[in-house]
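Below you'll find the structure, written out as structure tokens, and then a few comments.
The values are calculated or read from the model by the stated rules, or taken from the named source; none is laboratory data. As the structure is a computational prediction, the values presented were derived from the model and not from experiment. Neighbour counts run over all protein chains shown; Cβ positions are idealised from the backbone, glycine included. Please note that ligands, DNA and RNA were not included when accessible areas were found on the heavy atoms of the full protein model with its side chains. Shrake-Rupley method; radii C 1.70, N 1.55, O 1.52, S 1.80 Å.
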Amino acid sequence: MRRFWRHKLAVFGAATIIVMVIACVLGPMLLPYNDTHIDIRQRFAPPFSGSHILGTDPLGRDILARLLMAGRISLSVGFSAMAVSMAIGICVGLIAGFYQRAIGTALMRFVDAMLCFPSIFLLLAVSALIEPSVPSIILLIAMTSWMEVARVVEGQIRSLRTRDFAVAAMSMGASNTRIMFRELLPNAIAPIVVAATLNVAHAILAESYISFLGYGIQPPTPSWGNMLENAQSYLTSAPWLAILPGAAITLAVTSFNFVGDGLRDALDPRLDAR
Amino acid sequence: MSGFLIRRLLQAVVLLFIVSMIGFAILHLAPGGPLSQFAASGDMTQADLDRLSAQLGLDRPLPVQYVEWLRRLLGGDWGVSYRDQQPVLTIIAAHIGPTLELMLSSTLLAMLLGAWIGILGAVRRYSLFDSLATIGAMIALSIPTFWFGLVIIYVFSVGLGWLPAGNRFTVGDGSFLNRLHHLIGPCIVLALVSTAVWSRYMRSSMLEVINQDYIRTARAKGLPERYILVRHALRNALLPMITITGLHVPTLLSGALVTETVFTWPGMGRLFLDSINYRDYPTVMGILMLTAILVLLGSLIADVLYGIADPRIERYGQ
């Protein structure tokens with residue numbers, strides 16, 4: 001019963017992600033409105049009231065068009081930040097797990113120290129000081145979210161390197177790099193895939209947090225987070241400004257979390273053995 | 001126990017030292033610097049800027065600045081705010097109360113609610129309630145805190161008019177009830193994620209305990225189910241929760257910052273944002289250090305409490 005639910009949720013999540021990606025890529029071309037088209041006479045049109053399906057914002061821009069364009073940014077920030085943070089996390093984890101002594105300890109202490117900062121505080125401290133742009137925000141999110149990955153990989157590598165196949169490879173004289181990347185890493189791929197999926201969810205959330213607080217993606221480039229930035233002041237008169245982008249974020253993040261959770265079950269059946 | 005405690009304390013101090021270096025490096029290596037605000041305004045000449053820089057010690061090499069800063073920090077001098085010339089510790093002390101109030105109250109709420117959901121989910125495993133709780137927890141972990149705050153304000157403040165839309169109390173009315181009334185909204189918002197986390201861990205912890213032999217023995221003795229759950233199972237299932245609560249501090253601090261912003265709550269999160277806006281490096285650095293201390297304290301206390309509650313842990317520590 002439970003497995004079945006999880007399975008269903010993972011499929012639902014995957015389907016939602018695919019639909020969202022397609023909608024964000026193709027959607028803006030099919031809509032009658034451009035996301036930057038300003039129409040002052042049509043300000044604050046509520047959803048389902050006229051030609052604007054999801055209504056308009058304080059400048060009379062079509063919200064659906066903006067949501068889709070923002071989705072392009074938010075989703076690509078999510079995927080790119082994941083890619084960068086996985087790369088950092090895997091490298092650090094591999095090295096720390098393989099060379100356990102001084103290097104490994106030093107690296108893992110560094111990871112511990114980075115984890116002492118609550119993520120939002122670190123993100124804000126740096127994002128406020130740099131020139132915010134899409135690439136810099138991606139790097140920033142990656143720089144503050146690779147530690148969990150490093151821990152997962154380190155744990156895996158540490159236990160794998162004493163296994164027979166690794167010892168055999170070593171005794172055959174394989175180079176350290178070869179053992180790390182060809183022997184150990186492929187065997188640790190399952191938890192890495194799970195971590196990557198959850199990492200996308202985390203990155204989308206992180207982007208929305210800093211953009212909401214005004215330090216992330218800067219207007220006029222829309223992102224789901226910065227669409228919410230001024231929404232609070234219109235909460236009484238135009239609540240849809242706040243509801244819609246938040247719902248989009250929640251839907252996207254939930255989907256990635258569902259998929260990650262489903263993958264964890266599928267790739268590691270032992271977890272559900274109880 | 002004491003050996004374990006001393007080892008953990010030493011580790012924490014070393015870690016804090018690394019934390020201070022990372023924090024200092026990140027802040028000071030980022031482009032701009034503390035004086036870019038003044039430079040951009042155009043009110044100051046280059047000579048003024050140089051003088052200010054020398055006055056604040058910003059013209060010296062970074063390692064020297066770090067050692068100087070650390071020396072003062074250890075002596076209890078956390079620096080002086082660039083914004084209002086007050087000692088950083090005084091400013092932080094004025095803002096930490098509201099944050100702690102928010103964090104503690106929401107942790108309490110999350111513990112009660114999460115434990116209840118988790119226990120019920122474990123007892124009635126695979127029931128509709130259990131499935132809904134599982135899905136609900138995952139959605140709760142995916143909702144952006146600030147958005148949930150906006151929704152709560154929209155429903156309960158704008159729509160129903162039950163709760164105030166922000167602030168810690170009404171000006172001119174600082175009574176306990178008034179404060180409590182203002183606390184409800186932000187407390188619920190901050191508790192959402194914690195409740196989800198607690199209910200998940202409580203459920204699996206309870207499931208682990210519930211299949212143990214001594215529970216079967218208690219059942220065989222004919223004890224009432226309720227008694228078994230509370231006196232036998234819950235006691236042992238709560239043990240791992242000590243660790244979870246301790247490790248939850250960073251998430252809670254991040255959530256508090258966002259919640260404070262949405263509800264205009266005068267706590268440390270708001271102070272941090274304001275300080276960042278003013279490029280008030282000493283205050284930013286001070287808050288970063290304080291959050292790291294709180295995080296380390298959380299895991300340290302969790303370890304120690306766990307060691308007291310379960311003496312077997314000491315063996316692993318050695």
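See the values below:
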{"read-out": "Test: A:PHE79 is assigned to a helix (DSSP H, G or I) and modelled with pLDDT of 90 or more", "value": "yes"}
{"read-out": "In the range A:223-253, residue most open to solvent (accessible area, probe 1.4 Å) [restricted to those that are of a type in the set (Val, Ile, Thr) and without any contact (Cβ under 8 Å) to a residue 24 or more places away in the chain]", "value": "A:THR236"}
{"read-out": "Matching entry among B:LEU113, B:LEU128, B:LEU132, B:LEU141 (being touching a residue at least 24 places away in the same chain (Cβ under 8 Å) and within 11 Å of another protein chain (Cβ to nearest Cβ))", "value": "B:LEU141"}
{"read-out": "Residue among B:VAL262, B:VAL258, B:VAL230 that is out of contact with any Ser or Thr (no Cβ under 6 Å at 6 or more places or on another chain), closer than 30 Å to B:HIS181 by Cβ and in the same structural domain as B:THR145 (by the TED database)", "value": "B:VAL262"}
{"read-out": "Single match in A:ARG61, A:ARG66, A:ARG109 (criterion: basic (Lys, Arg) and surrounded by fewer than 19 Cβ atoms within 10 Å (Cβ to Cβ))", "value": "A:ARG109"}
{"read-out": "Qualifying residue in the range B:156-169 (condition: of a type in the set (Lys, Arg) and open to solvent by less than 70 Å² (accessible area, probe 1.4 Å))", "value": "yes"}
{"read-out": "B:ALA309 within 12 Å of the chain's Cα centre (by Cα), in contact (Cβ under 8 Å) with a residue 60 or more places away in the chain and at negative phi", "value": "no"}
{"read-out": "Matching entry among A:GLY89, A:GLY78, A:GLY104 (being more than 7 Å from chain B (Cβ to nearest Cβ) and farther than 24 Å from B:PRO250 by Cα)", "value": "A:GLY104"}
{"read-out": "Residue ranges of helices (runs of 4 or more DSSP H) in the range B:34-87 with at least 1 members modelled with pLDDT of 75 or more and farther than 22 Å from A:VAL126 by Cα", "value": "B:46-56, B:62-74"}
{"read-out": "Number of the exception - A:VAL194 against (1) out of contact with any Gly (no Cβ under 6 Å at 6 or more places or on another chain); (2) of a type in the set (A, V, I, L, M, F, W, C); (3) in a helix (DSSP H, G or I)", "value": "(1)"}
{"read-out": "Matching entry among B:ILE276, B:ILE228, B:ILE242 (being closer than 18 Å to B:LEU120 by Cβ, open to solvent by less than 50 Å² (accessible area, probe 1.4 Å) and either modelled with pLDDT of 85 or more or more than 14 Å from every other protein chain (Cβ to nearest Cβ) (or both))", "value": "B:ILE228"}
{"read-out": "Residue list for the range B:9-32, filter: within 23 Å of A:LEU123 (Cβ to Cβ), assigned to a helix (DSSP H, G or I), open to solvent by less than 40 Å² (accessible area, probe 1.4 Å) and among the hydrophobic types (A, V, I, L, M, F, W, C)", "value": "B:LEU15, B:ILE18, B:VAL19, B:ILE22, B:PHE24, B:ALA25, B:LEU27"}
{"read-out": "Condition broken by B:GLY97, with the remaining ones in (1) of a type outside the set (S, T, N, Q); (2) more than 18 Å from the chain's Cα centre (by Cα); (3) open to solvent by less than 60 Å² (accessible area, probe 1.4 Å) satisfied", "value": "(2)"}
{"read-out": "Scope the range A:251-265; condition more than 7 Å from chain B (Cβ to nearest Cβ) and either of a type in the set (S, T, N, Q) or within 20 Å of A:ALA23 (Cβ to Cβ) (or both); matching residues", "value": "A:LEU251, A:ALA252, A:SER255, A:PHE256, A:VAL259"}
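Residues are listed down the side, and each one gets a yes or a no for (1) outside the structural domain of B:ASP274 (by the TED database); (2) open to solvent by less than 60 Å² (accessible area, probe 1.4 Å); (3) aliphatic (A, V, I, L, M); (4) not in a helix (DSSP H, G or I):
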residue	(1), (2), (3), (4)
B:LEU108	no, no, yes, no
B:LEU113	no, no, yes, no
B:ILE117	no, yes, yes, no
B:ASP130	no, yes, no, no
B:PHE146	no, yes, no, no
B:LEU192	no, yes, yes, no
B:VAL197	no, yes, yes, no
B:SER204	no, yes, no, no
